[in-house]
1. What's the ranking of B:47-53, C:76-82 by average number of surrounding C-beta atoms within 10 Å, highest first?
2. Lys/Arg Cβ at +1, Asp/Glu Cβ at -1, dipole of region A:305-361 taken about the Cα centre: which of A:GLN346, A:MET314, A:ILE361 is farthest positive-ward?
3. Only sites in a loop by DSSP and with at most 10 other Cβ atoms within 10 Å count here; which trypsin sites (Lys or Arg not before Pro) in region A:559-622 make the cut?
4. Once you put a point 7 Å from the Cα of A:MET384 and another 7 Å from the Cα of A:ARG93, both along the Cβ direction, what distance in nm separates them?
5. Across region A:5-134, what fraction of all alpha-carbon pairs, as a whole percent, falls in each successive 5 Å bin from zero upward?
6. Mind ordering A:337-344, A:615-622, A:215-222 by average Cβ neighbours within 10 Å, highest first?
7. Under a Cβ-only charge scheme (Lys and Arg +1, Asp and Glu -1), can you give me the dipole magnitude of chain B about the Cα centre, in debye to the nearest 20?
8. Cα atoms only, region A:305-361: Rg and Dmax in Å?
Amino acid sequence: MTIDMAQFHQVFFDESFEGLDVMESGLLNMDPGTADTEEINSIFRAAHSIKGGSGTFGFTEISNFTHVMETLLDEMRDGRREVTAVAVDALLRSVDVLREMLKAVSADDTIDMDDVQAQQSELEAILNNSESAAPAAGANSAQPAADGAEAITGWRVVFRPLPHMMRTGNDPLRIIQELTDLGDVKVEGDASLLPRLAELDPEECFLSWVITVNEALEKSQISEVFDWVEDDCELSIVPIVTEAVAEQVEAPEVESAVQASEPAQPERRQGERRAEDRRSPVDRRQNDRRSGGGASGSSSIRVDINKIDGLINMVGELVITQSMLSMLGEDFTIDRVERLQDGLAQLERHTRELQESVMQIRMLPISFTFSRFPRLVHDLSSKMGKKIELKMSGEQTEVDKTVIEKIGDPLVHLVRNSLDHGIEMPEVRKAAGKPETGTVHLSAAHRGGNIIIEIRDDGKGLDKHRIESKAIERGLITEEHNLTDQQIYELIFQAGFSTAEQISDVSGRGVGMDVVRKNINELGGSIEIESEMGKGSAIIIRLPLTLAILDGQTIAVGDEIYIVPLVSIIESIQLKPDMINLVAGRGETFKLRNDYLPIVRLHEVFGIESVKTTDLMSGLLVVVEGDGKRCGLFVDDLIGQQQVVIKSLEANYKRVDGLSGATILGDGSVALILDIPGIIRLSSQKYSVADLKQSA
Amino acid sequence: MASILAVDDSASMRQMVSFTLKGAGYEVLEAADGVEALSIAKTRSVDLVITDVNMPNMDGISLIQNLRTLPSYKFTPLLMLTTESSAEKKQQGKAAGATGWIVKPFNPEQLLNTVKKVIR
Amino acid sequence: MPAIAQQNGNDDMQQDVEVIGSEYLTFNLGDEDYGVDILRVQEIRGWEMVTRVPNQPAFVKGVLNLRGSIVPIFDLRERMGMPAREYDKATVVIILKVICEISERSVGIVVDGVSDVLNARSQDIAATPDFGENLDTEFITGMASSNGKMVMLLDVDKLQPSVAQADEDVEVA
């Protein structure tokens, strides 16, 4: 049976690269001295899988290299070796080397063995650096070949299974059958130890055998058969030497006489085996080449099985609708036109849902992008002699694959900037009364219909005056400008602007920020800076949600329908007269348990003329929270809860205050999604104009 | 048709094993770790289990231990896929009730030959 | 509405109009005929209810679902400062492709009715006359004649209000 191993290569590469990421982040999390066993275990497992796979798929260089890493990790795992910073760094560099090797192999390039050798020597040096280094190395010399077998023409095997042997799943009969595959075999059973039936445990083995193998085999060929049971049986394998001696004397005749039954058998076997050995490396090379071609061309995406299941469900619905429609079409009469319309509407809805679900497959957690930063921060901070802790949150926020692909480089640039220009040297920080270790916080979240990515540091902040003077020097602004702080910060996005006193190889030569902004604009997003001298700064990237799913509550005001994100709803209540309070000049409030919360009438904020009721007692109050502020949203009615696909209003129109986006309802119409913080802002603006007439 | 449960956290190894065995006419069930394998084993019996040793959630050794406690897996051949050529892992496996092992790396022919040892 | 003065294009305007495509979809607002570059027309559909977007200028009728995209619908009369008119069976919505800053967008315009496709060679297109202060000609790129009637050619890229402009147009609620 020939199997094209190349078909598994892509999966192997994919999972190996993932494994490398696991190893890398695990190593970065590892505190020298106090290593977490589970952490080492997962790193070990990843290395182990790469080693196993690369061995199986014929990438010997990779498996050899990984073996050394694995040995080191194994010793760490068993506590035989201390987890030192040196070892962790060496392992990190090994991850890089391994990644390069995998890249080379997957692109069908040659591996740079110099790098590999150098790194391997480094690992080996660490391994040899203590008395405990030896054990795993012995593995290679595992089974010394049986010696002195040339003169032997047969074997006598005494095989006495221990009673428990069958409970390991090993079957003596099977083992004997296997021996018979080796050639001419004579088997004699010995039932002398069999107890009386009443005492017989059917799950135990009491028989033993004497097996004569009349073949000139290597001892290892026989002992191999018993490999799995050597501790579960009494076994002796003794050469039959009488013939062997005779053979030495009168070789040709005796050999043919003894092996008369199957004379040519062993010869042919050996021939076959050699042919196989010769064939396999060629196969491997071919396979490698084929897989290399495939790897460079295709880009794959790993999809959560739930999403696939969702798709399958939807296709199922579609098939049902289709068969319903075709039945309807078989004998259609005009009185069934309503059912036809229903069916068509259903078809449209299902098709749309299917389309949206397919699009949903493109959504990936932003951790794909974030995962590179621990390493980046680790490497750069040690290079710059700074102490920096990277915090990350919201890694599971899902964004479109395009965003994942395009946001990486801008983020790297911004994080590098934070490390380079933001965070101060430890002495400087100490002198300023700050902790020596600076913090960079990378976060992602869905907010107000956008994806917000923030890079926040507690470094020295932007120096407004330096930016100002630089901009004047560059002729970007005049000395008599009247720019706000925000506008001054914006200047760093101008082409060719860099405030670094010295150009460093960390954050480049001032070609960055304008390109960063351009890239983000191309994604339809915007970028903002917040900064405070001495306290730190934050870069806020706002990306539109081309696509995201939200759990929503559908509400009605008059004949208009809106969606309130379920996450912002605390509860819904029916107001009673004694709950309502008026605060002069600040409009209506209501008492919810011990808090007084403002009432926001959605029909006023949005100018909805078709509103059913303006009487607070006859509508409903949805208690919502946004940006830490709570209020009661006065609406006519709650309709239902559903998952909605967020569509951008900005794609074809513009951002609208109080709305985070829109969605398409089951009937194909558009419903707008409320942005609760925005609505609270709109409403407070309204009351700041002191609309007392309404609240009186 | 003999049925085989293949357990490996590495998708490529699992695919290779499964593809090879299916090609040889076996029915193959797959599991990504010991927990998954055990839950499959509780619902049905198979003729052979081939399991990786190092896996998250439940490793191969614990899986073998657990399988052996199930009445329908008392005598079922349980093979470990192991790169550890050191006797230690094999001993642990044997102690847990493993029938035998297949040493990685292996090629499809080797796999099939080994499977033929236990499924006749 | 002042009468349209006949005026021939002068030579320096000629170059601008040369780049305009030569086929126009014509439609009418009241007695006046307008045209848009046919390559910008995505589809023509009857008027149907749209979802109102709160706190927007009056000419923004709302948004509708165009194969999964949310598309704003502008009343062209109101956009151009003309009096509004009840929608009827002849009322159509023309979905246009517009170029706004760097991105391509879809917008719909509500017009009284679609008339025809006009073939106009560039020499038939005249520059926009100056109507004085009573008519805003910012949306008009030129004029062409069709069967003796003047057709005003619309610059569709100007229809989308800039963010600042749209906010100005909102009356304080």
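Every number in this text was worked out from the coordinates using simple rules, so none of it is lab data. These figures come from a predicted structure and were not determined experimentally. Don't worry about glycine lacking a Cβ; one is built from the backbone with ideal geometry, like all the others, and counts go over all protein chains shown.
1. B:47-53, C:76-82
2. The one lying farthest along the dipole's positive direction is A:ILE361.
3. Of the trypsin sites (Lys or Arg not before Pro), the ones in loops of region A:559-622 whose Cβ has at most 10 other Cβ atoms within 10 Å are A:ARG593.
4. That separation, rounded to one decimal, is 2.3 nm.
5. 2, 11, 23, 24, 20, 11, 6, 2, 0
6. Ranking the peptides A:337-344, A:615-622, A:215-222 by packing returns A:215-222, A:615-622, A:337-344.
7. I would put it at about 480 debye.
8. Just the Cα atoms of region A:305-361 yield Rg and Dmax of 13.4, 44 Å.
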